[in-house]
Amino acid sequence: MDLTQGTQQEKEARSKKMMLWFGIGSLIMTFAGLTSAFIVSRKREDWLTNFELPQAFTISVAVIIASSLTMIMAKRAMKQNNSSQASIWLLLTLGLGIYFIVNQFEGFSQFVAQGYNFTGPTSNVTISFIYVIAVVHILHVAAGLISLIVVIINNLNKKYTSDNMLGLELAAQFWHFVDILWVALFLFLYFFRYII
């Protein structure tokens with residue numbers, strides 16, 4: 001398919017989608033670097049193998065999966081030109097995203113309760129890596145929340161229809177990416193303890 005073909009609107013849509021995928025590619029490389037550093041660091045003498053991931057992190061997995069489902073429902077409603085129902089699903093997605101971040105900070109509190117701080121005499125390199133991975137992911141979820149807010153405002157202003165929902169589609173693709181990313185990171189951190 002020739003990317004130079006089509007109307008100006010189609011060309012702009014293709015270029016925006018391409019930019020999103022370039023951004024997602026760079027984020028994948030960022031987390032590949034962090035997880036690689038995590039793997040390489042396991043040879044340190046002070047590496048911890050018997051840590052437990054906070055229960056809040058497990059809850060976060062269910063929350064983030066639920067938020068992907070509500071985003072799917074929002075897109076489905078918009079494809080049926082049901083803008084008000086799409087708004088409800090988008091607001092639910094936003095609420096779940098906020099709850100996800102709250103859960104992440106609860107997970108940090110649970111780490112502290114176990115005696116693991118990010119820095120200082122009670123810190124451990126293993127847990128500090130987990131803090132960094134989780135915080136970097138939280139920043140990307142926050143970016144997703146900002147895009148959701150923009151989409152919600154645009155939808156309330158009737159800027160989307162079943163034939164014109166590019167902004168919603170881009171936000172959904174990014175949201176699904178950060179959701180899948182957290183599930184993958186959680187599984188990596190959970191099972192990595194058993195393979196070292």
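Just so you know, all these numbers are worked out from the coordinates, no wet-lab data involved. Fair warning: this is a prediction, and the values are worked out from it, not measured in the lab. Cβ sites come from the backbone with ideal geometry, for glycine too, and all protein chains shown count toward neighbours.
In this structure, the amide hydrogen of residue 123, modeled 1.01 Å from its nitrogen in the peptide plane, lies closer than 5 angstrom to those of 117, counting only residues at least 5 positions away or on a different chain. Modelled label-to-label distance, residue 166 and residue 69, 7 Å Cα→beta-carbon offset: nm? The answer from the label model is 3.3 nm. The residue list 24, 113, 101 was ranked by how far each Cα lies along the charge dipole of the chain toward its positive end, using unit charges on Cβ atoms, and 24 comes out on top.
With helices as the sole contributors, the chain gives -28000 deg cm²/dmol at 222 nm; each DSSP H run of n ≥ 4 counts as -39500 (n - 2.57), and the sum is divided by every residue. Taking the chain as a Gaussian network of alpha-carbon nodes connected by springs under 10 Å, the highest mean-square fluctuation of the residues 151, 136, 112 belongs to 112.
Among 155, 50, 117, the largest mean-square fluctuation in a Gaussian network model of the chain (Cα springs under 10 Å) belongs to 50. Rounded to the nearest Hz, the phi-derived 3J(HN,Hα) couplings of the range 155-171 under the Karplus curve 6.51 cos²θ - 1.76 cosθ + 1.60 (θ = phi - 60°) are 5, 5, 8, 6, 8, 10, 9, 5, 8, 9, 9, 4, x, 5, 5, 5, 4, where x marks glycine and proline. Fully extending the segment from residue 46 to residue 20, taken as 0.36 nm per residue of separation minus the present Cα-Cα distance, adds 5.4 nm. Could you put 17, 158 in order, starting from the residue whose Cβ has the fewest other Cβ atoms within 10 Å? Ranked by crowding around the Cβ, least crowded first: 158, 17.
Just report the Cα centroid separation between the range 118-194 and the range 8-67, whole Å. That distance is 8 Å.
Two-decimal Rg/Rh of the chain from alpha-carbon positions, Kirkwood Rh? We get a ratio of 1.06 for the chain. Number of Lys pairs in the chain with C-alpha atoms less than 23 angstrom apart, excluding same-chain neighbours closer than eight positions? Pairs that pass both the separation and distance tests number 16. Between residue 39 and residue 142, the distance separating the two model label sites (each 7 Å from Cα on the Cα→Cβ line) works out to 2.9 nm. Phi angles of the range 140-151 translate, via the Karplus equation with coefficients 6.51, -1.76, 1.60 and θ = phi - 60°, into HN-Hα couplings of 6, 5, 4, 4, x, 5, 4, 5, 5, 4, 4, 5 Hz per residue; Gly and Pro are given as x.
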